[in-house]
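Peer 1: Here it is, the structure in full.
The values are calculated or read from the model by the stated rules, or taken from the named source; none is laboratory data. Bear in mind the structure is a predicted one, so any value in this text is a computation, not a measurement. Reconstructed Cβ throughout: ideal geometry from the backbone, glycine too, with neighbour counts over all protein chains shown. In case anyone asks, the SASA skips ligands and DNA or RNA and just uses the protein heavy atoms, side chains included. Shrake-Rupley method; radii C 1.70, N 1.55, O 1.52, S 1.80 Å.
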Amino acid sequence: MRHIIKDFPGVRALNDVHLQVKAGSVHALMGENGAGKSTLMKCLFGIYTVDEGEIYLDGKRVAFKGPKDALDNGVAMVHQELNQALQRSVTDNIWLGRYPTRFGLTSERTMIAKTRAVFEELGLSIDPTRMMSTMSVAERQMAEIAKAVSYNARVIVLDEPTSSLADEEVGHLFRIIRTLKERGCAIIYISHKMEEILQISDEITVMRDGAHVATAPAAEMSMERIIRLMVGRELSDRYPPKNRKIGDTVLEIKNISSRHTKVKNVSLSLKKGEIVGLAGLAGAGRSELLENLFGLSARESGSIALHGEEIRNRTPREAISNGFALLTEERRATGIFGILNITENTTVTALRNYLRWRVLLSDRRRRADTDRMIDRLKVKTASKETQIRSLSGGNQQKVILARWLLTSPEILLLDEPTRGIDVGAKYEIYQLMHELTEAGKSVLMVSSELPELMGVCHRIYVMSGGEITGEVNADSTTQEEIMTLAAKNV
């Protein structure tokens, strides 16, 4: 990709960007949220048309008219935000738009057999007939990677492929990537997890503010150098100091079980000013527990006590009125209203605060609060009227956090709050969590990154098979101790 320029209304997203990727290699693409990584890949994949510049594939100039054109020419992309037909089977999702036919008829048996062959080649144990909606985010991510492989692509773009994967699944993904490398496939790997980048990459390109900053062999890069190139400054501490003014117990959960989810007899507590983590492998029931506490799924048994008084939280509306807020794992599916602007996304949960005479919404107050939140959370956007789907993942996450902060919650339930977010934006979110706990708020967070849980939390509960298998002190535990507890019921 040479001299790539891409403009959007009010902002230049890409400014004279260069990228050269070799066959049989893993080329990491790094940068802060809004640096232009995903935009550059969407230009390659035909989602966006470049305003200036040239793209060459095997020495031949190309300009794909759309994703199908790119796929037909051997370029596949696994997006950070999964866009799948959830009410169809895994097989239907793999072959959507290109069903294999015989004598003009589609053969489901052939499709299932081909899907199994792809899965066996990649070492995946996924039932091809399973409904996509019944699978975890991690399983759906692996199915999407298998779909890209099924195109026999020469170039595969992986945008934050490990953001929902546990350590064991990351190892499996890396084995798949090494297999593809041996075939001569070129992998463009976008991630904010620097340990992974240094482990799997052959070359690293860093972008900042829509421009190319540096390209170097991975062996010549260090975490400190990458951070310096990404943010343009030194970032000595990855986590802010923890709040040490812990108060009395605010939330107490006793023996919660759910018939329709994996949660079994879970008990835990949360104190004022405390951040408590939930660790575990994919499918351990962590997200389901948060959804249960927020009233998104029915409880079979158990109780929730806030300040010693039992509450129900039978619906999200009731949970919000009790001072709860839930940031979900999947921004695109359950977090943002993609076609609405930033103002509408920011103020949607606090509309009652903007009523005049109980019937009319005050747009002036809504816009004022949105401006305040954009400044407070440092959201990168051309305007508060910008559609939220055009923002980077990290900036979308900040808007969702701003939405909940306007409800003045007492208990924040955060499910993978820094998923797919760069190191600079992560630190800003950690600082925000720190400020909230110093103000007396309490946080219960799920994360698949053990260093993050240990660096941010005061205590960590470990889940396995829907149950709590242990509680550890975040300051004194080890990753080995947490993983041992996480594998207890597997």
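Peer 1: Within the set of pairs 6 or more residues apart or between chains, which connect a residue that is without any contact (Cβ under 8 Å) to a residue 24 or more places away in the chain inside the stretch 366-378 to a residue that is in a helix (DSSP H, G or I) and of a type in the set (Asp, Glu) with Cβ atoms less than 9 Å apart?
Peer 2: 366/344
Peer 1: I want to confirm something. Restricting to the stretch 10-50 and keeping residues that are assigned to a helix (DSSP H, G or I) and under 25 Å from residue 223 (Cα atoms), which single residue is modelled with the lowest pLDDT? It would help to see each step written out before you state the result.
Peer 2: Just the residues of the stretch 10-50 that are assigned to a helix (DSSP H, G or I), to begin with: 37-44.
Then keep just the ones that are under 25 Å from residue 223 (Cα atoms); that gives 37-41.
On the way: 37: 90, 38: 86, 39: 90, 40: 95, 41: 94.
By that ranking, first place goes to 38.
Peer 1: Would you tally the residues in the stretch 380-398 being outside any helix (DSSP H, G or I) and modelled with pLDDT of 90 or more? Give the steps one after another, and end with the answer.
Peer 2: From the stretch 380-398, those outside any helix (DSSP H, G or I) are 380-387, 391-392; that's our starting set.
Now narrow it down to the ones that are modelled with pLDDT of 90 or more: 384-387.
The qualifying residues number 4.
Peer 1: Out of the residues in the stretch 51-90 meeting the condition of being of a type in the set (Val, Ile, Thr) and assigned to a strand (DSSP E or B), tell me which one is nearest to the chain's Cα centre (by Cα). Please lay out each step first, then the result.
Peer 2: Filtering the stretch 51-90 down to residues of a type in the set (Val, Ile, Thr) leaves 55, 62, 75, 78, 90.
Okay, now just the ones that are also assigned to a strand (DSSP E or B), so 55, 62, 75, 78.
Numbers: 55: 29, 62: 31, 75: 23, 78: 13 Å.
The qualifying residue nearest to the chain's Cα centre (by Cα) is 78.
Peer 1: Any residue at all in the stretch 194-217 that is under 24 Å from residue 414 (Cα atoms), open to solvent by 10 Å² or more (accessible area, probe 1.4 Å) and assigned to a helix (DSSP H, G or I)?
Peer 2: Filtering the stretch 194-217 down to residues under 24 Å from residue 414 (Cα atoms) leaves 194-196.
Keeping just the survivors that are open to solvent by 10 Å² or more (accessible area, probe 1.4 Å) gives 195-196.
From what is left, the residues that are assigned to a helix (DSSP H, G or I) are 195-196.
Checked the stretch 194-217: at least one residue is under 24 Å from residue 414 (Cα atoms), open to solvent by 10 Å² or more (accessible area, probe 1.4 Å) and assigned to a helix (DSSP H, G or I).
Peer 1: Do we have any residue at all in the stretch 92-104 that's at pLDDT below 90, polar (S, T, N, Q) and open to solvent by less than 100 Å² (accessible area, probe 1.4 Å)? Walk me through how you get there before you give the answer.
Peer 2: Narrowing the stretch 92-104 to residues at pLDDT below 90: 96-104.
Subsequent filtering for residues that are polar (S, T, N, Q) retains 101.
If we keep only those that are open to solvent by less than 100 Å² (accessible area, probe 1.4 Å) as well, we get 101.
Yes.
Peer 1: Quick one: residue 111 ticks every box in (1) open to solvent by less than 20 Å² (accessible area, probe 1.4 Å); (2) in contact (Cβ under 8 Å) with a residue 24 or more places away in the chain; (3) more than 29 Å from residue 207 (Cα to Cα) except a single one, so which number is it?
Peer 2: (2)
Peer 1: Oh, and also: So residue 246 fits all but one of (1) open to solvent by 30 Å² or more (accessible area, probe 1.4 Å); (2) within 30 Å of residue 133 (Cα to Cα); (3) β-branched (Val, Ile, Thr); what number is the exception?
Peer 2: (2)
Peer 1: Restricting attention to the stretch 227-272, which residues are of a type in the set (D, E, K, R) and in a strand (DSSP E or B)? Reasoning before the result, please.
Peer 2: So the first thing to find is which residues in the stretch 227-272 are of a type in the set (D, E, K, R), and the list is 228, 233-234, 237-238, 242, 244-245, 248, 252, 254, 259, 262, 264, 271-272.
Selection gives 252, 254, 271.
Peer 1: Now a separate question. Any residue in the stretch 305-319 that's farther than 17 Å from residue 254 by Cβ: show its pairings with residues that are open to solvent by 30 Å² or more (accessible area, probe 1.4 Å) at Cβ separation under 7 Å, as long as the two are six or more apart or on different chains.
Peer 2: Partner pairs satisfying both residue conditions: 316/296; 318/312.
Peer 1: Tally time: how many residues in the stretch 458-488 are polar (S, T, N, Q), open to solvent by 70 Å² or more (accessible area, probe 1.4 Å) and either part of a loop (DSSP other than H, G, I, E, B) or modelled with pLDDT under 95 (or both)? Give the steps one after another, and end with the answer.
Peer 2: Kept after step one, since they are polar (S, T, N, Q), are these residues of the stretch 458-488: 464, 469, 473, 476-479, 484.
When the remaining residues are screened for being open to solvent by 70 Å² or more (accessible area, probe 1.4 Å), the result is 473, 476, 479, 484.
If we keep only those that are either part of a loop (DSSP other than H, G, I, E, B) or modelled with pLDDT under 95 (or both) too, we end up with 476, 479, 484.
So the count comes out to 3.
Peer 1: Could you tell me whether residue 175 is assigned to a helix (DSSP H, G or I), over 26 Å from residue 394 (Cα atoms) and at pLDDT 85 or above? Give the derivation first.
Peer 2: On the way: assigned to a helix (DSSP H, G or I): yes; over 26 Å from residue 394 (Cα atoms): yes; at pLDDT 85 or above: yes.
Answer is yes for this residue.
Peer 1: Moving to a separate point now. Spot the failing condition for residue 408; the list is (1) outside any helix (DSSP H, G or I); (2) surrounded by fewer than 22 Cβ atoms within 10 Å (Cβ to Cβ); (3) within 21 Å of the chain's Cα centre (by Cα), and only one is missed.
Peer 2: Unmet for residue 408, out of (1) outside any helix (DSSP H, G or I); (2) surrounded by fewer than 22 Cβ atoms within 10 Å (Cβ to Cβ); (3) within 21 Å of the chain's Cα centre (by Cα): (3).
Peer 1: Quick one: is residue 170 under 25 Å from residue 23 (Cα atoms), in a helix (DSSP H, G or I), hydrophobic (A, V, I, L, M, F, W, C) and in contact with a Ser or Thr (Cβ under 7 Å, 6 or more places away or on another chain)? First the steps, then the outcome.
Peer 2: On the way: under 25 Å from residue 23 (Cα atoms): yes; in a helix (DSSP H, G or I): yes; hydrophobic (A, V, I, L, M, F, W, C): yes; in contact with a Ser or Thr (Cβ under 7 Å, 6 or more places away or on another chain): yes.
For residue 170, the condition - under 25 Å from residue 23 (Cα atoms), in a helix (DSSP H, G or I), hydrophobic (A, V, I, L, M, F, W, C) and in contact with a Ser or Thr (Cβ under 7 Å, 6 or more places away or on another chain) - is met.
Peer 1: List every residue pair whose Cβ atoms sit under 6 Å apart, with the two residues 6 or more apart in sequence or on different chains, where the first one lies in the stretch 342-364 and is over 25 Å from residue 395 (Cα atoms) and open to solvent by 40 Å² or more (accessible area, probe 1.4 Å) and the second, anywhere, is in a helix (DSSP H, G or I) and of a type outside the set (Gly, Ala, Ser).
Peer 2: 361/354
Peer 1: Turning to a different aspect of this structure: For the stretch 431-449, give me the residue count where each residue is open to solvent by 10 Å² or more (accessible area, probe 1.4 Å) and within 16 Å of the chain's Cα centre (by Cα).
Peer 2: Here the count works out to 2.
Peer 1: Restricting to the stretch 273-311, and then to whatever is of a type in the set (A, V, I, L, M, F, W, C) and assigned to a helix (DSSP H, G or I), can you tell me which residue is farthest from residue 162 (Cα to Cα)? Give the steps one after another, and end with the answer.
Peer 2: Within the stretch 273-311, the subset of a type in the set (A, V, I, L, M, F, W, C) is 275-276, 278-279, 281-282, 284, 289-290, 293-294, 296, 298, 304-306, 311.
Of the ones still in play, those that are also assigned to a helix (DSSP H, G or I) are 289-290, 293.
Numbers: 289: 22, 290: 21, 293: 27 Å.
If we take residues in the stretch 273-311 being of a type in the set (A, V, I, L, M, F, W, C) and assigned to a helix (DSSP H, G or I), then 293 is farthest from residue 162 (Cα to Cα).
Peer 1: Another question about this same structure. Failed condition for residue 314, given (1) surrounded by fewer than 18 Cβ atoms within 10 Å (Cβ to Cβ); (2) part of a strand (DSSP E or B), with all others met?
Peer 2: Residue 314 satisfies all of (1) surrounded by fewer than 18 Cβ atoms within 10 Å (Cβ to Cβ); (2) part of a strand (DSSP E or B) except (2).
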